[in-house]
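Please read the structure below before turning to the comments.
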Amino acid sequence: MSIARRIIEEHLVKGKVNEGNEIAVRIDQTLTQDATGTMAYLQFEALGIPKVKTKLSLSYADHNISESGKENIEFLESFAKKYRIVFSKPGNGICHQLHLERFATPGTTLLGSDSHTPTAGGIGSLAIGAGGLDVAAAMAGQPFYLKMPRIIGIRLTGRLNEWVSAKDIVLFLLKKYSVKGGVGRIFEFFGDGVKSLSVPERATITNMCTELGATTSIFPSDEATKKFLDLQGRGNDFAELKSDEEYNEVVEIHLEDIVPLIAKPSSPDNVAEVKDLEGTTVGQVIIGSCTNSSYKDLAIVSSALKDKKIKTKLNINPGSINVINSLKKNGLLENITGSGAEICEAACLGCIGIGQEPEEGIVSLRTFNRNFPGRSGTRNDKVYLCSAETAVASVVFGKITDPRKLGECPRIAFPEKYLHDDCLFVFPTEEDIEIKRGGSIKPLPLKEPLENAIKAYVLIKVKDNITTDDIMPAGSKILPLRSNIPAISEYVFHNLDSSFAKRAKEKSGGIIVAGENYGQGSSREHAALAPMYLGIKAVIAKSFSRIHKANLVNFGILPLEFADKEDYERIEQSDEIEMDGVIGLLNENKNLVVKNSNIKLKYELSKREREILIAGGKLNYIKRAMKDEA
């Protein structure tokens, strides 16, 4: 069977492993980051569990690492000590890169409150992004529920040409499938071409398959995996994982056919060949983020910059402090600094609009995974996504340039051993700790049980592919408010409609109407939690992204779909929506009807999910179940 199916079966708690069935799997590891972690831990605390029940749980601080809202960091570190969670201090690195280096292991399950958690699939871990409440439940020993995805085998053959990289492979997939082409799917890579890719290269692909909407993606664990773990001093964590190549569907990619690619503004699937955009003036280049910040990525950049001066602004965001130290030890850091580039802290930074905002109107070239409008922190931004190779070529020439014009491609030799200093990890002890709760840490809001009759106004009607950045923006102003739901709720849909929160409060809540793939992008549960606080009762859409739909259920908001998608045109903002007998219809698994227009609304929800909605959310549901068990 496939590697993904084998891991699922080994961790199966409930259900049958057939495509489309709801299954529950045991979770070995969890991770959070500081933008999602505070709320996840408040939710865990509300369950009354004395310590985490997973084999390993980690709390990373890599998003809001500035002094703004430092109470969150103090809370997270003290909380981690109390509940036996490993804490990674600010400056240690980006959660996905650090987890790959120090903790991810083949054959384990990992659930993270960040959509790019599948990065660990590069090492053979079944790693899935989810909302913080799902992660809190996993830390409490609850299984993770999902519909069994369709497993797509991606056979890689041959070898990449010089100056073509793993980033180009995943951009190729985005061009082929689009940002919603992976919904309900696991992408599993196999074939002779896999052998030519190192673990960091594989992790680049699994990281960015998230942009396809995939549940997760995974590579085999083989000699390349063993080499990576040996270099990290973790050889004992190695376990071989081979696929029997049994998939629901197989797609073949000849690596020699891949060329340097680039995603144009403002979507990761707006992909073109680099050569078709050559000559475009570039005003800013950033190399790094969880997608392309490994030793190999930055070693290539270093080699390309040797004895050269950059012609446009270049920031380097390393994936971890270990990457920086390893580059320094091997004499590669001085090429970067000598070129005029700026080495920044090992953190997310510009990827979520924390600094590094481009000037309005200039082209910003980034090796990140997302370029949604305004995500950079600048309205009307022009963010392009590309490989480290294309980025460094463009900074050398001052304009978008095919990296093959740099000449002979350097051969990157891995060090005999990566430097790894774990001094910025705080490991659990038996010490009794008092949790620090600064002024920004507010009580967790809860929702009342579902109403049987819903009567509410449509507060906003939005188009296809609305992202969680559109619903709940990131950035240096808003990010510190993640643990203060009353305050952050003022920014729901702020960039699309700044009056939304005011209108929601005036109407005592309401309904959202949306197009296809509503809620794509980040796993941030605040895009459901803050609307719940504002009284949103339902979202009626043509379709939903996986994680956001689960978050809506978790917080008691009905995720409803048009039975006839053309009915989307029949509802407008300010229309009144009435639905009667909601609880009875959910219990009987029957469709709902908009009373005053006869529009039929369907839903794809398991019995458990419907019970969660009726209870008013997952926290209420779990607490009730735990009480019944007691």
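A short reminder: the numbers here are calculations on the coordinates, not readings from a lab. All of these numbers come straight from a predicted model, not from anything done at the bench. FYI the Cβ positions are ideal-geometry reconstructions off the backbone, even for glycines, and counts take in every protein chain you see.
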Subject >> Selected from PRO428, GLY535, VAL462, residue furthest toward positive end of dipole (the stretch 405-546; charges at beta carbon) >> reply: VAL462
**OP:** Give the order of ASP230, ASP28, ASP307 when sorted by the count of other beta carbons within 10 angstrom, beginning with the fewest.
**Re:** ASP307, ASP230, ASP28
Subject >> Full-extension gain in nm, LYS505 to LYS405, via 0.36 nm per residue minus C-alpha separation >> reply: 30.3 nm
Original post:
Using only helices, what value at 222 nm comes out for the chain when you add -39,500 (n - 2.57) per DSSP H run of length 4 or more and divide by the total residues, to the nearest 500 deg cm²/dmol?
Top reply: -8000 deg cm²/dmol
Original post:
With charges only on Cβ, +1 for K and R and -1 for D and E, what is the dipole size of the chain about its Cα centre, in debye, rounded to 20?
Top reply: 540 debye
Subject >> Global form of the stretch 226-301, assessed from the alpha-carbon gyration tensor, a/c cut-off 1.5 >> reply: oblate
**OP:** Work from the charge dipole of the chain (Cβ charges, +1 for Lys and Arg, -1 for Asp and Glu, about the Cα centre) and give the residue of ASN248, VAL363, HIS548 farthest towards its positive end.
**Re:** HIS548
**OP:** Compute the relative contact order of the stretch 216-296 as a whole-number percentage, counting only Cα pairs closer than 8 Å that sit 6 or more residues apart in sequence.
**Re:** 16 percent
Subject >> Rounded Å value of the spacing that divides the Cα centres of the stretch 71-131 and the stretch 307-346 >> reply: 25 Å
Original post:
With a sphere of radius 10 Å drawn around the Cβ of THR157, what net charge do the other residues whose Cβ falls strictly inside it have (Lys, Arg +1; Asp, Glu -1)?
Top reply: -2
Subject >> Other-chain or far-sequence residues with amide H under 5 Å of VAL259's (modelled H) >> reply: none
Original post:
Ranked from highest to lowest mean number of other Cβ atoms within 10 Å per residue, what is the order of the peptides 242-255, 352-365?
Top reply: 352-365, 242-255
Original post:
Which of the peptides 512-523, 573-584 is most tightly packed, and how do the rest follow, going by the mean number of other Cβ atoms within 10 Å of each residue?
Top reply: 512-523, 573-584
Subject >> Shape call, the stretch 261-408: gyration tensor on alpha carbons, a/c limit 1.5 >> reply: oblate
Original post:
Reachable aspartates and glutamates from LYS167, Cα under 15 Å, same-chain residues fewer than 8 places away excluded?
Top reply: GLU201, GLU211, GLU256, ASP257, ASP269, GLU273, ASP297, GLU389, ASP402
Subject >> 3J(HN,Hα) from dihedral phi, the stretch 183-191, Karplus parametrisation 6.51/-1.76/1.60, rounded to Hz, x for glycine, proline >> reply: 4, x, 10, 10, 9, 10, 9, 8, x
Original post:
Alpha carbon centre of the stretch 487-504 versus the stretch 355-386: separation in Å?
Top reply: 23 Å
**OP:** Beyond 22 Å between alpha-carbons counts as too far, so tell me which of LYS502/LYS618; LYS442/LYS607; LYS264/LYS313; LYS55/LYS227 fall in that bin.
**Re:** LYS502/LYS618; LYS442/LYS607; LYS55/LYS227
Original post:
Does anyone have the angle between helix 388-397 and the longest principal axis of the chain? Alpha-carbon axes, 0 to 90°, nearest 10?
Top reply: 60 degrees
Original post:
Under a point spin-label approximation (7 Å from Cα along Cα-to-Cβ), what is the ASP564-LEU446 distance to one decimal in nm?
Top reply: 4.2 nm
Original post:
What value does the chain have for Rg/Rh, both radii from Cα atoms and Rh as Kirkwood defines it?
Top reply: 0.95
Original post:
Is the stretch 454-629 best put as rounded, prolate or oblate by its Cα gyration tensor, with a ≥ b ≥ c the root eigenvalues, rounded for a/c under 1.5, and otherwise prolate when a/b is larger than b/c, oblate when not?
Top reply: oblate
Subject >> Cα extents of the stretch 19-148 along the three principal axes, largest first (Å) >> reply: 46, 33, 21
Subject >> Spin-label model distance (nm) - VAL259 vs ASP192, 7 Å beyond Cα toward Cβ >> reply: 2.5 nm
Original post:
What ranking do 326-334, 138-146, 10-18, 36-44 get when scored by the average of other Cβ atoms within 10 Å per residue, highest first?
Top reply: 36-44, 138-146, 326-334, 10-18
Original post:
Based on DSSP, what percent of beta bridges with both residues in the stretch 454-629 are antiparallel, to the nearest 5?
Top reply: 40 percent
**OP:** Would you mind calculating the relative contact order of the chain from Cα pairs under 8 angstrom and at least 6 residues apart, reporting the percent as a whole number?
**Re:** 14 percent
Original post:
Can you list the residues of the stretch 247-275 with backbone N under 16 Å from a point 7 Å past the Cα of ASP464, pointing along Cα to Cβ?
Top reply: 266-271
**OP:** Could you run the Karplus curve 6.51 cos²θ - 1.76 cosθ + 1.60 with θ = phi - 60° over the stretch 144-156 and give me ³J(HN,Hα) per residue in whole Hz, x for Gly and Pro?
**Re:** 9, 9, 7, 7, 4, x, 7, 9, 9, x, 9, 7, 9
Subject >> Calculated from backbone phi, Karplus (6.51, -1.76, 1.60) coupling profile of the stretch 554-564 in Hz, x at Gly/Pro >> reply: 4, 10, x, 9, 5, x, 10, 10, 5, 5, 10
**OP:** Could you work out how far apart the two model spin labels at ILE362 and ASP244 are, taking each label as a point 7 Å from the Cα in the direction of the beta carbon, and quote it in nm?
**Re:** 5.6 nm
